[in-house]
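To start, the structure under review is shown below, and the notes come after it.
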Amino acid sequence: MTNSNMNVILVTGGSGLVGKGIEWALNHDDQFKKLPNETWYFATSKDADLRSKSETEALFAKIKPTHVIHLAAIVGGLFKNMKQKLDMYRDNVLINDNVIHTAHEHKVKKVVSCLSTCIFPDKTTYPINEEMVHNGPPHESNFGYAYAKRMIDVANHAYFDQYGDQFTSVIPTNIFGPFDNFNLQDSHVIPGLIHKCYLAQNEGSPFIVSGTGKPLRQFIYSRDLGRLMIWALREYKEIDPIILSVSEQDEVTIKDVADSIVKHMNFKGDYKFDSSKADGQYKKTACNDKLMKLLPGFKFTPFDQAMKETVEWFLNSYQNIRK
Ligand code: NAP
Ligand code: GDP
């Protein structure tokens, strides 16, 4: 981004987990703080239902963004993805097409959209890298969401080839942190298990973790991702996506996650796995070499610290959270 002109940055999905991470970084991190020539607008679904082209156009006409961070999506954990494949496909295709095409019509200088490591091919070699996005079908549990997300990369290349638009994407791994969705059925594993552990503690019932606990995941703290999204908007130059992930050595099992929640919730009750529930993809180990080459000094918050902060936030905000 140039420093000479005023930049107006529209963040779609600005009220969600990642949007709040960006807001936190702009207000608290010296390296990634808000610059004097930037105005940031964090949009929610109340500003516009982005599945509607006319509401999307009205939002762009009102905000007049020069840059867009596109986060808005129908998002959920394994069990929501398995249940609502069509919604995850169709609503996300509509949102992405409306946002990206309206950004093109408004001559937006740069768009950074959000993909996910769960969109990579199921049958693959490890570690996964940025070149593998389209190399084969995704895991059957989330193919609706995965194909909708893959089309963002297709669109970005098509807009660049035909018009020279600077539209790119990032690929975060599993994310967690304050302002997550703590719904018991539809959320991702960390917020879902924090909420389940809290209820088990209060009710004196067992804390039950779905699946075997064996699958592996890389988790990024939403405040670290917020910092990296700001970096990508200001500095990342390619149309091709970039993986935003902790290192391969920081991959943990679902059992490690549950143990960490038990520790930070100070849970003393009975704790077990329900292996009749799905495990989903066994692993999707991603390589962060491209990121670390471009931003070598970046320090991730240790998983234990990020979990401690997330559990504290959950306990302090319980009455008002998404659940
Ligand atoms: P989130 O917490 O569920 O937030 C979703 C955001 O999208 C909210 O601001 C929501 O607005 C907005 N939204 C949903 N439907 C909309 C619609 N029809 N029109 C306008 N806005 C709409 O999601 P997140 O976890 O921050 O995810 C952000 C991005 O990261 C997404 O693109 C997601 O695919 C990607 N991602 C997430 C994860 C993860 O583990 N969470 C992992 C990899 C990638 P309201 O608040 O008004 O409902
Ligand atoms: P994924 O990484 O895209 O599969 O998404 P999730 O965040 O939903 O993580 C799914 C993994 O966590 C699977 O191995 C599940 O069996 C396991 N898991 C254990 N308990 C829960 C839970 O309460 N909710 C969710 N979403 N997953 C759980």
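Data for the structure
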read-out: Portion, in percent, of the accessible area of the chain that falls on carbon or sulfur, probe 1.4 Å; value: 51
read-out: Gyration tensor verdict on the stretch 3-49 (Cα atoms; rounded if a/c is under 1.5, prolate if a/b is larger than b/c, oblate otherwise); value: oblate
read-out: Placed amide H near N7: partners under 5 Å, 5+ positions off or other chain; value: E38, T39
read-out: Length gained when the stretch A158-N266 is fully extended (0.36 nm per residue, less Cα-Cα span); value: 33.8 nm
read-out: Kirkwood hydrodynamic radius of the stretch 1-79, from inverse mean 1/r over distinct Cα pairs, in Å; value: 13.5
read-out: L244 long-range amide H proximity, modeled H, under 5 Å; value: I171, T173
read-out: Antiparallel content of DSSP bridges confined to the chain, in %, to 5; value: 10
read-out: For the stretch 154-214: span of alpha carbons on each principal axis (Å, largest first); value: 61, 26, 15
read-out: Subset of K80/K149; K62/K109; K85/K308 violating a 22 Å alpha-carbon distance limit; value: K85/K308
read-out: Using θ = phi - 60° and Karplus 6.51 cos²θ - 1.76 cosθ + 1.60, couplings along the stretch 60-70 (whole Hz; Gly, Pro as x); value: 5, 5, 6, 7, 6, x, 8, 9, 9, 9, 9
read-out: Rounded to the nearest 10 Å², the accessible area of L199 at probe 1.4 Å; value: 40
read-out: Alpha carbon convex hull of the chain, projected area averaged over orientations, nm²; value: 15.9
read-out: Computed FRET value (nearest 0.05) for V252 with K53, which takes r as the C-beta separation and R₀ as 41 Å; value: 0.50
read-out: Debye intensity ratio I(q)/I(0), log10, the stretch 254-323, q values 0.22, 0.24 Å⁻¹ (C-alpha model); value: -1.11, -1.14
read-out: Cα-based Kirkwood hydrodynamic radius, the stretch 192-231, one decimal, Å; value: 12.8
read-out: In Å², nearest 10: area of R234 left accessible to a 1.4 Å probe; value: 30
read-out: Where chymotrypsin sites (Phe, Trp or Tyr not before Pro) fall in DSSP loop in the stretch 1-82, at most 11 other Cβ within 10 Å; value: none
read-out: Probe 1.4 Å - accessible area at H28, Å² to nearest ten; value: 120
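The values are calculated or read from the model by the stated rules, or taken from the named source; none is laboratory data. For clarity, every value in this text was computed on a predicted model and none was experimentally measured. Glycine gets a Cβ as well: all are built from the backbone with ideal geometry, and neighbour counts include every protein chain shown. Calculation scope for accessible area: heavy atoms of the full protein, side chains included, ligands and nucleic acids excluded. Shrake-Rupley method; radii C 1.70, N 1.55, O 1.52, S 1.80 Å.
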